[in-house]
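I have placed the structure first, in the form of structure tokens, so that the comments after it can refer back to it.
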Amino acid sequence: MSKEDCVLEKIAIDGFDLVISYDEIDWNPREHYDNLGTMVIFHSRYSLGDIHNYSVDDVRDIAESKDYIALPIYMYEHSGITISVNPFSCPWDSGQVGYIFVSNEKVKKDFGWSRITSKRLLKIKEYLTNEVKELDAFITGQVYRFDVYRDGELLDGLGPFTDSNDAILAGKDVIKYLANELGVQLSLDLAYSGLLG
């Protein structure tokens, strides 16, 4: 796929061009980001989640233990794959492939909590769910980047983002910064519309 084929949107902003495109990632985000949970996925054809030495029985014991917060991971495989903490409706092409989990001890240490209340438990489950969603975005190719150009020259760029709107907002913040550095006056409409922060 050419770079032009990856472009989703071009936004002209007062002499700057903000280009939003798919980010071609060839690395496992689980190895590059700080993660709260441990993601263990068992599949004969795909190497997903964290590198581990757990057996299926080990992970089941962890998931059933009161010392851990765990969510199941399901996969749907049909002309590609996608994962979720919720089961898929198709029983033939989907099923549970693992868990994401974190120990209560780690949660208390990382968050500085003496106990995990029901509200805090929901927060941790949300973190774990978001980690699965993040990996799913990489698996399904739904990762984005922004590049900022002025007169055809690349000035800045960043990725990956798992939400194209986040890429747009970050790109607009960079344009605001660059405009200030270059002494470029942004249009009043744009500056006051909330589009740039």
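For the reader, a short list of remarks on this structure follows.
- Comparing Asp61, Asp151, Asp166 in a Gaussian network model of the chain, where Cα atoms under 10 Å apart are tied by springs, the biggest mean-square fluctuation is seen for Asp151.
- Backbone N within segment 119-135 under 15 Å of label point (7 Å from Asp58 Cα along the Cβ vector): none
- Total formal charge among the other residues, if their Cβ is under 12 angstrom from that of Ile175, Lys/Arg +1 and Asp/Glu -1: -3
- Between His78 and Cys90, the simple label model (points 7 Å from Cα in the Cβ direction) yields a spacing of 0.3 nm.
- Inter-label distance, nm, simple model (7 Å from Cα along the C-beta direction), Val7/Asn130: 3.2 nm
- Residue of Lys176, Lys66, Lys119 that the Gaussian network model of the chain assigns the largest fluctuation, springs spanning Cα pairs under 10 Å: Lys119
- If the convex hull is drawn through the Cα atoms of segment 29-139, its volume per residue in Å³: 113 Å³
No lab work stands behind these numbers, since they all come straight from the coordinates. Note that the coordinates shown come from a computational prediction; the quantities given were computed from them, not determined experimentally. We place every Cβ from the backbone using ideal geometry, glycine too, and count neighbours over all the protein chains shown.
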